[in-house]
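The numbers here are math on the coordinates, done by the rules we state, and not lab data. All values derive from a computational prediction rather than experimental measurement. Cβ placement follows ideal geometry from the backbone for every residue including glycine, while neighbour counts extend to all protein chains displayed.
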């Protein structure tokens, strides 16, 4: 799979661990930055990640910041992205199965490396359940307001 990964300064180390994990699994990984732990603004990297998922350059995205909240908000500004902030493999799997999430977000200050890898593995190996979820997911990209 083609997977893009981005973070803010608080999650640079977790990003490096997850990038190596993904490469080890045989995925093509685009690291969208940052490269150092110098202070940056998470929206800039969230928007960059959302753009490559929305245009199909990457099939999935991994968004990381201190809490996972801010960067997930930035990614979700793009209507073609469905970013789910997760804490455990079950929430990661349900994000794919029920919501057809195409971006996973995690907080580097809240989750350990092993749990983050387990979440990522669950996310990438779970298929969208379709059926009753299809119409609901369509509404996420086409809100009535």
Peptide ranges 98-110, 18-30 listed from the most packed, as the mean C-beta count within 10 angstrom indicates: 98-110, 18-30
Angle between the chain longest axis and helix 89-99 axis [Cα atoms, degrees, rounded to 10]: 40 degrees
Two-site label geometry, residue 59 and residue 30: point separation in nm, points 7 Å out along Cα→Cβ: 1.5 nm
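For the range 2-141, state the semi-axes of the equivalent ellipsoid (square roots of 5 times the eigenvalues of the alpha-carbon gyration tensor), sorted largest first and rounded to whole angstrom. Each step should come with its number before you reach the end.
Working: eigenvalues 95, 52, 36 Å².
Over the Cα atoms of the range 2-141, the semi-axes work out to 22, 16, 13 Å.
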In degrees, nearest ten, helix 113-125 long axis to first principal axis of the chain (Cα): 30 degrees
Cα-based helix-to-principal-axis angle, 12-24 vs the chain, degrees rounded to 10: 70 degrees
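With 10 angstrom as the radius, rank 128, 45 by how many other C-beta atoms surround their C-beta, starting from the fewest. Provide the component values of the computation, followed by the final result.
Working: 128 15, 45 26.
With the fewest neighbours first, 128, 45 line up as 128, 45.
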Computed over the range 34-83, the ratio Rg/Rh where both radii use C-alpha atoms and Rh is Kirkwood: 0.96
Modelled label reach - residue 80, point 7 Å along Cα→Cβ, the range 96-114 residues with backbone N closer than 19 Å: 100-104
Inter-label distance, nm, simple model (7 Å from Cα along the C-beta direction), residue 38/residue 2: 3.0 nm
